[in-house]
Amino acid sequence: MRGLDVAIALLTDAIANQRRIVVVGDFDCDGATGTAVAVRGLRMLGARQVFFKVPHRVRHGYGLTPGLVEDLAELKPDLIITVDSGIACNPGVAAANARGYRVLVTDHHLPGEVLPPAAGILNPNQPGCGFPSKALAGVGVIFYLLVAVRAALRADNAPSAGADADLSALLDLVAIGTVVDMVKLDANNRRLVRAGLARINSGRCQPGVAALARVGGLEPGKIDALDIGFRIGPKINAAGRLEDMALGIECLLTDDPAQAMDMADNLHAINLERQHLQQDMLDDAEKMLAALDLEALPDQKCLILHQPDWHPGIIGLVASRMKDRIHRPVLVFAPSEPDSQELRGSCRSIPGFHMRDALALLDARHPGLIARFGGHAMAAGLTLHIDCFPEFSRIFPTIVSETLDPDLLQETLLTDGPLAPDQFDRSTAEMLVHAGPWGQGFPTPVFDNVFDVVGWQVLKEKHLKLQLRPEEGTEILQAIHFNGYTGQPPPARIRAVYELQTDDFRERRGVQALVRYIEAV
């Protein structure tokens, strides 16, 4: 990586001279796991004065801000290391420099035109960096830095306990952050995730990870990337959305199993609160969507939603769900804090429409309308004054109409074709599981077949439980279609797009189809 030699020099100097190191993370799961990896790893390498601080979503905003730098004064840092942030935190880095703190930025987000004035920058996506694995999450960047520092300690003639550190013990955290941040699972990230899952399933993980798996009802030895994404990661994320991400990081740092269990229970309770709050906001969003009647408004190429009582920590989840629901770019706004005049927006896009570029185009045409913005093609965030919201809501759809190809609004499902009748069995399902880990950019295989619907039930008033008979088959395949009930019976004969999964509920050791889409045949 570009800048690796400088980063190694900063850390080996800090370790050798026992300087005070403060790790500044982010308030999502990648930031939390990355912070835990940094703190644990630096201590393993011989650093004895290592602390961490996470910005508060409302009070500080994202990353190393001048306000956060002011709050760091009580920790008296010699070196600040950012994890999963910092590449766009130019004012914060400048504020740290003014106080005499050295800053090492480790990040994976796309940089702006001007890099921050840091003592060192490590980011595989910065200009001129030849590191081939551009899809690393923030936790992956800090992990590789620690590995490089250990190599430097081993090459040094001076004896060092850190030279023998077993950094593979951190791979459970690397796997969790990589999966939950939904970075592309290229070959390198798949290796990291596979190695981390092996540690988790063999019981060689951090006590906090084991506790989170336990409160999530996961069976040791059978945890996969899907479990991380839906059962472990959200509990860590919930702390940053509703409370203080320090709660999640402390759970990942403790070596006391009993303390880890107490913290995991607390995180589970926070996540339940998040789920209830998210459902309330989704219900509001559905009512607003119904009032718009998008089918009667074919020119409505994006959706912008705002409610004064929505929580800023949940708007990204709502934007993602609504984007999946209508297959259009969605922007969701909430006050940055109660009664605030500043709105925070979270944006989610569809393939082919670059969200950050659209915001940049609006900002160029109407300077000052947006206070701050950043992000990527598929996800971005922004803040603006509440008085600017009506004008933004008028202008942004015009930019979308100019730049979005209407054909992109037609969602396309790609499948791996049909399964043969003799492949709806346990061995096929297990083979698919073991060929993973699957995830972003390396999706779980999906198939499409024609089935006769020989039975169906409605679960929780919205899910469909189906009994399907494949063409030319005699065995009945159990299937579930979440949110698939439309109020009408399913067709008697369907083409279904589905995943084939193992089904071990109540130790039945069967298979089931997870249906993504059905149409009448």
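Hey, what's the per residue convex hull volume over the C-alpha atoms of the stretch 291-363, in cubic angstrom?
Output value, Cα hull per residue: 105 Å³.
For Ile81, enumerate residues with amide H under 5 Å from its amide H, sequence gap 5+ or separate chain, H modeled in the peptide plane.
Under 5 Å from the amide H of Ile81: Val22, Val23, Val24, Leu104.
At q = 0.11, 0.19 Å⁻¹, what is the base-10 log of I(q)/I(0) for the stretch 265-397 according to the Debye formula with one equal point scatterer per Cα and no solvent? Please give it to two decimals.
For the requested q values the scattering log ratios are -0.38, -1.12.
Provide, for q = 0.13, 0.22, 0.23 Å⁻¹, the log10 of I(q)/I(0) from a solvent-free Debye sum over equal Cα point scatterers in the stretch 386-445.
Scattering profile of the stretch 386-445, log10 relative to I(0): -0.64, -0.99, -1.02.
For the stretch 115-217, what is the per residue volume of the convex hull drawn over the alpha-carbon atoms, in cubic angstrom?
144
Relative contact order for the stretch 284-430: what is it in percent, counting Cα pairs under 8 Å that are at least 6 residues apart?
Taking the mean separation of contacting Cα pairs over the length of the stretch 284-430, I get 20 percent.
Ignoring everything except DSSP H segments at least 4 long, calculate the 222 nm mean residue ellipticity for the chain; use -39,500 (n - 2.57) per segment, divide by total residues, nearest 500.
About -12000 deg cm²/dmol.
In Å and from the alpha-carbon atoms only, list the Rg and Dmax of the chain.
In order Rg, Dmax, the Cα atoms of the chain give 24.2, 75 Å.
Would you mind pulling out the separation of the Cα centroids of the stretch 1-48 and the stretch 468-482, in Å?
With the stretch 1-48 and the stretch 468-482 each reduced to a Cα centre, they are spaced 52 Å.
At q = 0.19, 0.23 Å⁻¹, what base-10 log of I(q)/I(0) does the Debye formula yield for the stretch 319-435 when every alpha carbon is treated as an equal point scatterer in vacuo?
Debye curve over Cα of the stretch 319-435, log10 I(q)/I(0) at q = 0.19, 0.23 Å⁻¹: -0.99, -1.32.
Quick check: Cα centre of the stretch 484-521 to Cα centre of the stretch 76-146, how many Å?
Centre-to-centre distance over Cα atoms comes out at 45 Å.
Based on alpha-carbon centroids, what's the gap between the stretch 363-416 and the stretch 157-183 in Å, whole number please?
38
Principal axis extents for the stretch 421-520, Cα atoms only, whole Å, descending order, please.
Cα extents, longest axis first: 37, 31, 28 Å.
Across the stretch 73-89, in residue order, what do the Karplus-derived ³J(HN,Hα) couplings come to in whole Hz, using 6.51 cos²θ - 1.76 cosθ + 1.60 with θ = phi - 60° and x for Gly and Pro?
Along the stretch 73-89, the couplings run 4, 5, 8, 6, x, 8, 9, 9, 10, 8, 10, 6, 6, x, 5, 10, 9 Hz.
Just order 169-181, 252-264, 129-141 by mean Cβ neighbour count inside 10 Å, highest at the front, would you?
Going from most to least packed, we get 169-181, 129-141, 252-264.
If you bin every alpha carbon distance in the stretch 4-267 into 10 Å steps from zero, what whole percent lands in each bin?
That works out to 8, 33, 37, 20, 3, 0, in percent per bin.
Quick note: the coordinates plus some simple rules give every number you see, no bench work behind them. Predicted, not measured: the structure shown is a model, and the values here were computed from it. Virtual Cβ from ideal backbone geometry, glycine too; neighbours counted across all protein chains shown.
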